[in-house]
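Each reported figure results from applying straightforward, stated rules to the coordinates on display, with no laboratory input. Bear in mind the structure is a predicted one, so any value in this text is a computation, not a measurement. FYI the Cβ positions are ideal-geometry reconstructions off the backbone, even for glycines, and counts take in every protein chain you see.
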């Protein structure tokens, strides 16, 4: 697969990149098909020399199926050759690297606990929806008012069964909490 990507050059602490067309299997600074521009990140953003791109060649290679990398697509977006890509969402970016692992573990544990608490709530509305359905049937069948009442009586024992299941689910929730402090 053809990629439009950066190939690094320059010296230590002073990078200069070539924008090249290369096969995705080739190494970053290795063999490439064609050089179509350059990028100097050390220059200010308002200088023209920061990004030099041959627009016709970029359009030609994109028509042939070359895909720009994320960084190159941003560079081409700055140069207004193609639309800017959507910004990514990295909520951990503002957290120092030392604390990222700790914050990640806490974030992972909290949604699991919340999900377990929400699951029984999801079951309850389903039971309530079942309760409402017979009520909808009552106005429809005006002549048969006695039969829907009998159905409602039959459903009342079913209401008790989900209540019995909920305490079991809560007991299961408590057991893992007890195990976590032991470990």
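Along the Cα→Cβ direction, 7 angstrom out, place labels at residue 69 and residue 90. What is the inter-label distance in nm?
Result: 1.4 nm between the two label points.
What does the extension gain come out to for residue 8 and residue 60, with contour length at 0.36 nm per residue minus their alpha carbon separation?
Values: separation 52, 0.36 × 52 = 18.72 nm, distance 2.31 nm.
Length gained, residue 8 through residue 60: 16.4 nm.
When a/c is below 1.5 the answer is rounded, else prolate if a/b is larger than b/c, else oblate, so apply that to region 2-78 with a ≥ b ≥ c taken from the square roots of the Cα gyration tensor eigenvalues.
On the way: a/c = 2.14, a/b = 1.27, b/c = 1.69.
It comes out oblate by the Cα gyration axes.
According to a simple spin-label model (label point 7 Å from Cα along Cα-to-Cβ), what is the distance in nm between residue 16 and residue 78?
In this crude label model, residue 78 to residue 16 measures out at 1.7 nm.
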